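The values are calculated or read from the model by the stated rules, or taken from the named source; none is laboratory data. For clarity, every value in this text was computed on a predicted model and none was experimentally measured. Cβ placement follows ideal geometry from the backbone for every residue including glycine, while neighbour counts extend to all protein chains displayed. For the accessible areas, the whole protein counts, side chains as well, though only heavy atoms, and no ligand, DNA or RNA atoms are used. Shrake-Rupley method; radii C 1.70, N 1.55, O 1.52, S 1.80 Å.
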Amino acid sequence: MTFGEQPAYLRVAGDLRKKIADGSLPPHTRLPSQARIREEYGVSDTVALEARKVLMAEGLVEGRSGSGTYVRERPVPRRIARSGYRPVSGATPFRQEQAEAHSRGTWESSSEQVEAGVAVAERLGIQPGDRVMRTKYVFRESGEVMMLSTSWEPLAVTGRTPVMLPEEGPLGGMGVVERMRAIDVIVDNVTEEVGARPGLAEELLALGGVPGHVVLVVQRTYCASGRPVETADVVIPADRYRVAYHLPVK
């Protein structure tokens, strides 16, 4: 087989990827052995091994101890809604969707006071070391972890107020806009930047992914008169979910 200018291992990986996509290698099928790849494509053991590593890094195959490497089942991506507005109830998009009869979503959270690191401080317009309330969330659908989120709020804004803990008190769980309004802080702008990166080990452990899996990261910041009052990172497994935005037309 002639491979041209592209590295041989990428060409082999590309052909195997095509077979996985078109069903020639369906889910749970054992991937051809290193020796079989070497013979079929006329490449060295090193090339065959590197091609298998590419497919594993892409999450298309998985190794099973003592058994070999198998094609992973590819889930049909589901939708996670993001919204540019809030209803009168103040509920977050996740809570809006889970209020529907067919949805079975749950979430848990924990909050603690910490010192802002350099990156978070820059996003909130405060000094590194300033105190913030950090809240970590785990969102589940039918028991499966679907999304992680970590938010930070400057205690210079919410400290010693009834909304200092985002998920507790009279407005616990009502979302940033409603909570801030209760302390006369009017949120008038929210920005979201969406990017992708390999998941961190602890993220993939929680999300049920494998090393090399890509996650979507929504970096959100709420502002009131130009002052950031909350920022958060929302982490979503890219192979299982798509982010859908619903924006009002003005």
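For segment 111-126, what are the residues that are assigned to a loop (DSSP other than H, G, I, E, B) and either touching a residue at least 60 places away in the same chain (Cβ under 8 Å) or open to solvent by 30 Å² or more (accessible area, probe 1.4 Å) (or both)?
Gly117, Gly125, Ile126
Kindly indicate whether Glu168 is open to solvent by 30 Å² or more (accessible area, probe 1.4 Å) and under 21 Å from the mean Cα position of the chain (by Cα).
Here the answer is no, as Glu168 does not meet what is asked.
Counting just the residues of segment 67-89 that are at pLDDT 80 or above and part of a loop (DSSP other than H, G, I, E, B), which one comes out farthest from the chain's Cα centre (by Cα)?
Ser67
When the residues of segment 26-44 are filtered to those that are in a helix (DSSP H, G or I) and of a type outside the set (Lys, Arg), which remaining residue is modelled with the lowest pLDDT?
Gln34
Can you list residue pairs whose Cβ atoms sit under 7 Å apart, with the first residue in segment 149-163 being free of Cβ contacts under 8 Å to residues at least 12 places away in the same chain and the second being acidic (Asp, Glu) and buried (at least 21 other Cβ atoms within 10 Å of the Cβ)? Count only pairs 6 or more apart in sequence or on different chains.
Filtered contacts from segment 149-163: no entries.
Which of the numbered conditions does Thr191 fail, given that it passes all the others? Conditions: (1) open to solvent by less than 80 Å² (accessible area, probe 1.4 Å); (2) more than 25 Å from the chain's Cα centre (by Cα).
Against the list (1) open to solvent by less than 80 Å² (accessible area, probe 1.4 Å); (2) more than 25 Å from the chain's Cα centre (by Cα), Thr191 comes up short only on (2).
Kindly indicate whether Ala232 is open to solvent by less than 70 Å² (accessible area, probe 1.4 Å), in contact with a strand residue (DSSP E or B) (Cβ under 7 Å, 6 or more places away or on another chain) and at pLDDT below 95.
In short, no.
Could we say that Glu39 is at negative phi, surrounded by 11 or more Cβ atoms within 10 Å (Cβ to Cβ) and in contact (Cβ under 8 Å) with a residue 40 or more places away in the chain here?
The answer is no for Glu39.
Which one of these is assigned to a helix (DSSP H, G or I) and among the small types (Gly, Ala, Ser): Gly23, Gly14?
After ruling out the rest, the residue left standing is Gly14.
For Thr135, only one of the following conditions fails: (1) open to solvent by 50 Å² or more (accessible area, probe 1.4 Å); (2) free of Cβ contacts under 8 Å to residues at least 40 places away in the same chain. What is its number?
Unmet for Thr135, out of (1) open to solvent by 50 Å² or more (accessible area, probe 1.4 Å); (2) free of Cβ contacts under 8 Å to residues at least 40 places away in the same chain: (1).
For segment 176-186, how many residues meet the condition of being closer than 19 Å to Thr135 by Cα, surrounded by 19 or more Cβ atoms within 10 Å (Cβ to Cβ), touching a Ser or Thr at 6+ places or on another chain (Cβ under 9 Å) and of a type outside the set (Lys, Arg)?
Of the residues in that region, 2 qualify.
Just to be sure, is Gly129 touching a residue at least 12 places away in the same chain (Cβ under 8 Å) and open to solvent by less than 40 Å² (accessible area, probe 1.4 Å)?
Taking the combined requirement at face value, the residue satisfies it.
Write out, first by first residue and then by second, each pair whose Cβ atoms fall under 7 Å of each other, whose residues are 6+ apart or on separate chains, and whose first residue, in segment 177-205, is over 18 Å from Val163 (Cβ atoms) while the second is open to solvent by 80 Å² or more (accessible area, probe 1.4 Å).
Leu204/Pro211
With the requirement that a residue be over 16 Å from Gln219 (Cβ atoms) and either crowded, with 19+ Cβ neighbours inside 10 Å or at pLDDT below 95 (or both), what does segment 139-159 give you?
Answer for segment 139-159, where residues must be over 16 Å from Gln219 (Cβ atoms) and either crowded, with 19+ Cβ neighbours inside 10 Å or at pLDDT below 95 (or both): Phe139, Arg140, Glu141, Ser142, Gly143, Glu144, Val145, Met146, Pro154, Val157, Thr158.
Go through (1) touching a helix residue (DSSP H, G or I) at 6+ places or on another chain (Cβ under 8 Å); (2) open to solvent by 60 Å² or more (accessible area, probe 1.4 Å) and name the single condition Ala224 misses.
(2)
For Leu204, all conditions in the list (1) among the aliphatic types (A, V, I, L, M); (2) closer than 24 Å to Glu122 by Cα; (3) open to solvent by less than 20 Å² (accessible area, probe 1.4 Å) hold save one; what is the number of the exception?
Going through the list (1) among the aliphatic types (A, V, I, L, M); (2) closer than 24 Å to Glu122 by Cα; (3) open to solvent by less than 20 Å² (accessible area, probe 1.4 Å), Leu204 breaks only (2).
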